[in-house]
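Colleague: Below you will find the structure I want to go over with you.
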Amino acid sequence: MEETMQHQENRQQNEVFGNLKGYLNQVKNQIVDWSNKEEKISQDAEKSFIETVSAATETIKSLKDEEEDFKSVEKINQLRLEKEQEEIRNLSETLNHEKEKESKLLPVVERAKEKKSKTVQSFGEKTETVEKMKKEQEYDTQQLTRGMKLYKMLGLNFEKVSDDWLKLTFTQIDPNDHSREFFFVVFVDQRDKYHIQEISHSVGDIQSLVDDLNESNDFSRFVRQMRKRFKELV
């Protein structure tokens, strides 16, 4: 009886120990599984952390590169801005210089306009004078032509014997010989003074006549006086 009870007690103890051992093994397995899971979680977390740190490092590096690029761009923009400001200053100085030149040129332009106006007016006046002189010259030419015809009728002939010498020959002087020639050669010096270079017949007061000619400059009267003197010699 006692053995049976002892046997039952042992069996119960074995069952308890067996159950406890199984429970412990189960707990152990759970702990191992939990440990493995925790280790995997830790490894995954570490890997994720490393990846995060690596990504953050790359991001920081990229940000630093962008910062350097930004600084480079900012420096370039600053240099460009300084260059543009320098160009603006130069343009402003040039503009001020041109304005100063313009202010100095305005009086010159006004004087030029005034001078042009006076020149145009003077040109108009000179044109009128030229037209007047032209008409007077045409009249003088007509009178001279008429006078030459008259002189020829009276027996007077003009002949240029050199650049400054003029020979005047009279006919129709001697009533007995109308073709008989009486002449004199006259020239004008650099002082516009008349001189008798040669004369065909001696005239007593020839020098007085020449002096009167140089004083009056009336050559036509001198010619008439010479013709009169020649007629007095016949």
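Colleague: Could you tell me which residue out of Phe230, Gln78, Asn157 lies farthest along the dipole of the chain toward its positive end? Charges go on the beta carbon: Lys and Arg +1, Asp and Glu -1, centred on the Cα centre.
Modeller: Among Phe230, Gln78, Asn157, the one farthest towards the positive end of the dipole of the chain is Phe230.
Colleague: Most fluctuating residue of Gln207, Gln85, Gln12 in a GNM of the chain with Cα springs under 10 Å: which is it?
Modeller: Looking only at Gln207, Gln85, Gln12, the biggest GNM fluctuation is shown by Gln12.
Colleague: Same structure again: Relative contact order for the chain using alpha-carbon pairs under 8 Å, separation at least 6, rounded to a whole percent?
Modeller: 7
Colleague: Starting from the Cα-Cα distance between Asn25 and Glu100, subtract it from 0.36 nm times their residue separation and give me the gain in nm to one decimal.
Modeller: Gain on extension, Asn25 to Glu100, equals 16.2 nm.
Colleague: Also, quick follow-up: Which of these, Leu168, Leu105, Leu20, has the largest mean-square fluctuation under a Gaussian network model of the chain (Cα springs below 10 Å)?
Modeller: The residue with the greatest mean-square fluctuation here is Leu20.
Colleague: In degrees between 0 and 90, to the nearest 10, how far off the longest principal axis of the chain does helix 206-216 point, with axes built from Cα atoms?
Modeller: 40
Colleague: Going through the range 1-73, which GluC sites (Glu not before Pro) have at most 12 other Cβ atoms within 10 Å and a DSSP loop state?
Modeller: Passing both the DSSP loop test and the Cβ count: no residue.
Colleague: ³J(HN,Hα) across the range 76-84 via Karplus (A = 6.51, B = -1.76, C = 1.60, θ = phi - 60°), whole Hz, x for Gly/Pro?
Modeller: Residue by residue, the range 76-84 yields 4, 5, 5, 5, 5, 5, 4, 5, 5 Hz.
Colleague: Okay, next question. Compute the helix-to-body angle for 219-233: its Cα long axis versus the longest principal axis of the chain, expressed 0 to 90° and rounded to tens.
Modeller: 20
Colleague: Still on this model: Report the gain in length on full extension from Ser92 to His201: 0.36 nm times residue separation, minus Cα-Cα distance, nm rounded to one decimal.
Modeller: 30.1 nm
Colleague: Oh, and also: Determine the gain in length on full extension of the stretch Trp165-Thr59; use 0.36 nm per residue of separation and subtract their C-alpha separation, reporting nm with one decimal.
Modeller: Result for the pair: 26.5 nm of gain on full extension.
Colleague: Same structure, new question: Show that you can apply the helix-only estimate: for the chain, add -39,500 (n - 2.57) for every DSSP H stretch of four or more residues, divide by all residues, and state [θ] at 222 nm to the nearest 500.
Modeller: After summing the helix terms and dividing by the residues of the chain, the value is -28500 deg cm²/dmol.
Colleague: If you average the sequence gap of Cα pairs under 8 Å that are 6 or more apart and divide by the length of the range 154-233, what percent do you get for the contact order?
Modeller: 20
Colleague: Towards the positive end of the charge dipole of the range 17-93, with charges on Cβ (+1 Lys, Arg; -1 Asp, Glu), say which of Ile31, Ser42, Val53 has the farthest Cα.
Modeller: After comparing all options, I get Ile31.
Colleague: Let me ask something additional. For the range 88-97, what does the Karplus curve 6.51 cos²θ - 1.76 cosθ + 1.60, with θ = phi - 60°, yield as ³J(HN,Hα) per residue in whole Hz, taken in order and with x for Gly and Pro?
Modeller: Per residue, the Karplus-derived 3J(HN,Hα) values read 5, 4, 4, 5, 5, 5, 4, 4, 5, 5 Hz.
Taken together, the values in this text are just the output of simple stated rules run on the coordinates, not laboratory data. Remember, predicted model here, so these are calculated numbers, not experimental data. Cβ atoms come from the backbone with ideal geometry, glycine included; neighbour counts cover every protein chain shown.
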